[in-house]
């Protein structure tokens, strides 16, 4: 269904760094055009307009869910939102938030010196553990072009196509030397969802997998390559789990 | 007794709220609550290899991601006694300054300018084709372009790596930056005028809190060895005694209440303490109270543009065959502390690493955690005689906004009462 401008846009944020929201504000040259087609209904980082019960056409969600009050807010948000789009690694896989090991209460007590006991928090969960998610924009942070593209396509009644190939393919197209081969660097390009145009490997920096894992990823082969490059089991685990993947 | 709640605070980075308690119509007590959910970064890096830490901790906050990454790298490099190549230091400083430029421009034009123009947000100003709003966004974009070229990515930069940097940007890109820089150097003195008008800000009382900054005279303290709080300087490793950081039951940001405090950190503190960074305007900043922080940021943008010019020149002349990173043969254990000036003030990272290179303990002190205490006191002082409820809420929010708080950064929280979903800018509750 094609939406008629001005479309009502809201952006709710849970446990995260604000980076996904910031990436939209970082599309400076497109903000004026965006302002013509989008009416901000709820986006506290950018605007003082807060609409309590307004119907929302597109609701963007950043961050993972870690407290019961966040969960309540998420459920309420889902009820008033026509299309819900999960944005960024935290919303999609719980992101780096989920790396806290062991008993959460113990970690709370340690970091907040004895004050952690009465905080009602649970291990970070991705948004789709609780509500239906209509669209997904991966990345930590997401690529700015992808954010605009997604909003634009939604406006026209479609949904931006999902990438199916890994970052590795983009690297080939860009004719980059393979970092895994050349430097024996722990590059996650072979199993990571493309769409960033191999941003980091283009610069000689190994992919850290921030866009999540591609379908039908050959994890076994990658682990074998990492072992051959001299990484230990634990180092491989740490590398893979940063954005939600486990061996 | 009447309770006014500003919740959520808008046009600030992160989730927070202000509670104003009125007794017989006058302000009696103020609570500034930083309500980010716990993310436990100081716990999640424990047990991981030292060189993984910078990639993780930069995710504390998007706006300050460069500052977090660089400060953690400095602390760990100090710990392992590694000296980074000069060219890497230049690129890192350029990245940090690009971050300052984008952060200050974001604060002044996206978050403060709507207050000065009486609009709910910047988008309204853009629709009106307000030239100042358009120029401000372009300046912010310039800061971002610097970050992207020097860091590889606008948010969560990838170029700084343990021991130095991964790459040096193409000469062409650096030339492009130099060219655009000249444009901004020429027009900034005019662009910043709007932020210098006293009539644009609410009436304010003197600033509360002892100014605190890294103890370097000129450049941003990329290798901050000491902390300067006016009376004297102490080594940055003694930060814990100086700040006396501890958790509070009612806020997620750890509080800082050392003997010499409470402290004020940020652009205004830097302008007060560091001789080379005095306000560039002939202006009695005191009369602006805490809103003088906006002036100080405007002044810093001018300074930053100058410094960026020097760094770009150094990069143009750099020998591109020199190594970009120092290598470490074997990890060794120890304790490392580093202090940096992040856009919104003093940022401290502190790590303990064991002999196998695994992190044993971590402590991170953010500028907003340091400023948290003075915020409430400042609201009390500025609004002592205000009786109008709407104005109380509005000005309290503007005072918090003036600190340019970064609540995501202040990583620590309280139990959220369910009022957070009510979404009212000024909610009255009589008890």
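For the reader, a short list of remarks on this structure follows.
- Looking only at the range A:167-184, residues that are under 24 Å from the mean Cα position of the chain (by Cα) and surrounded by 19 or more Cβ atoms within 10 Å (Cβ to Cβ) come to 4 in all.
- Of all residues making up the range A:13-27, the number that are facing another protein chain (nearest Cβ under 10 Å), within 20 Å of residue A:57 (Cα to Cα) and outside any loop (DSSP other than H, G, I, E, B): 4
- Unique residue being part of a loop (DSSP other than H, G, I, E, B) and in contact with a helix residue (DSSP H, G or I) (Cβ under 7 Å, 6 or more places away or on another chain) when the list is B:298, B:338, B:362, B:318: B:318
- Listed conditions (1) modelled with pLDDT of 80 or more; (2) farther than 28 Å from residue B:154 by Cα; (3) more than 9 Å from chain B (Cβ to nearest Cβ); (4) in contact with a strand residue (DSSP E or B) (Cβ under 7 Å, 6 or more places away or on another chain) are all met by residue A:75, apart from (4).
- Checking each residue in the range B:38-52 for being more than 7 Å from every other protein chain (Cβ to nearest Cβ) and in a helix (DSSP H, G or I) picks out B:41, B:50, B:51.
- Number of positions in the range B:1-39 that are free of Cβ contacts under 8 Å to residues at least 60 places away in the same chain and out of contact with any strand residue (DSSP E or B) (no Cβ under 6 Å at 6 or more places or on another chain): 2
- Test for residue A:207: is it modelled with pLDDT of 95 or more and within 19 Å of the chain's Cα centre (by Cα): yes
- Top-ranked residue of the range A:28-38 - restricted to ones that are at the interface with another protein chain (Cβ under 9 Å from one of its Cβ atoms) and touching a residue at least 12 places away in the same chain (Cβ under 8 Å), ranked as surrounded by the fewest Cβ atoms within 10 Å (Cβ to Cβ): A:36
- Looking only at residues of the range B:309-351 that are surrounded by fewer than 16 Cβ atoms within 10 Å (Cβ to Cβ) and under 21 Å from residue B:47 (Cα atoms), we find that the one that is nearest to the chain's Cα centre (by Cα) is B:335.
- Among all positions in the range B:110-126, there is at least one residue which is surrounded by 19 or more Cβ atoms within 10 Å (Cβ to Cβ), away from chain A (no Cβ under 11 Å) and out of contact with any strand residue (DSSP E or B) (no Cβ under 6 Å at 6 or more places or on another chain).
- Matching residues, the range B:2-37, being part of a loop (DSSP other than H, G, I, E, B) and at negative phi: B:8, B:9, B:10, B:12, B:15, B:35, B:36, B:37
- Residue list for the range B:177-197, filter: part of a helix (DSSP H, G or I) and surrounded by fewer than 14 Cβ atoms within 10 Å (Cβ to Cβ): B:179, B:182, B:183, B:186, B:187, B:189, B:190, B:193
- Among the conditions (1) modelled with pLDDT of 95 or more; (2) in contact with a strand residue (DSSP E or B) (Cβ under 6 Å, 6 or more places away or on another chain), the only one that residue A:245 does not satisfy is (1).
- Among all residues of the range B:398-414, there is at least one that is at pLDDT 90 or above, in contact with a strand residue (DSSP E or B) (Cβ under 7 Å, 6 or more places away or on another chain) and crowded, with 17+ Cβ neighbours inside 10 Å.
- Scanning the range B:151-176 for residues that are surrounded by 19 or more Cβ atoms within 10 Å (Cβ to Cβ), within 14 Å of chain A (Cβ to nearest Cβ) and in a helix (DSSP H, G or I) yields a single hit, B:151.
- Residue among B:125, B:97 that is closer than 21 Å to residue B:226 by Cα and touching a helix residue (DSSP H, G or I) at 6+ places or on another chain (Cβ under 6 Å): B:97
- Identity of the residue in the range B:55-84, within 25 Å of residue A:241 (Cβ to Cβ) and not in a helix (DSSP H, G or I), that ends up nearest to the other protein chains (Cβ to nearest Cβ): B:62
- Counting only helices (runs of 4 or more DSSP H) that fall entirely inside the range A:132-242 and contain at least 1 residues that are within 30 Å of residue A:80 (Cα to Cα), the qualifying elements are A:144-155.
- Where residue B:101 falls short, out of the listed (1) facing chain A (nearest Cβ under 10 Å); (2) within 16 Å of the chain's Cα centre (by Cα): (1)
The values are calculated or read from the model by the stated rules, or taken from the named source; none is laboratory data. On a predicted model such as this, the values are computed, not experimentally measured, just so you know. Reconstructed Cβ throughout: ideal geometry from the backbone, glycine too, with neighbour counts over all protein chains shown.
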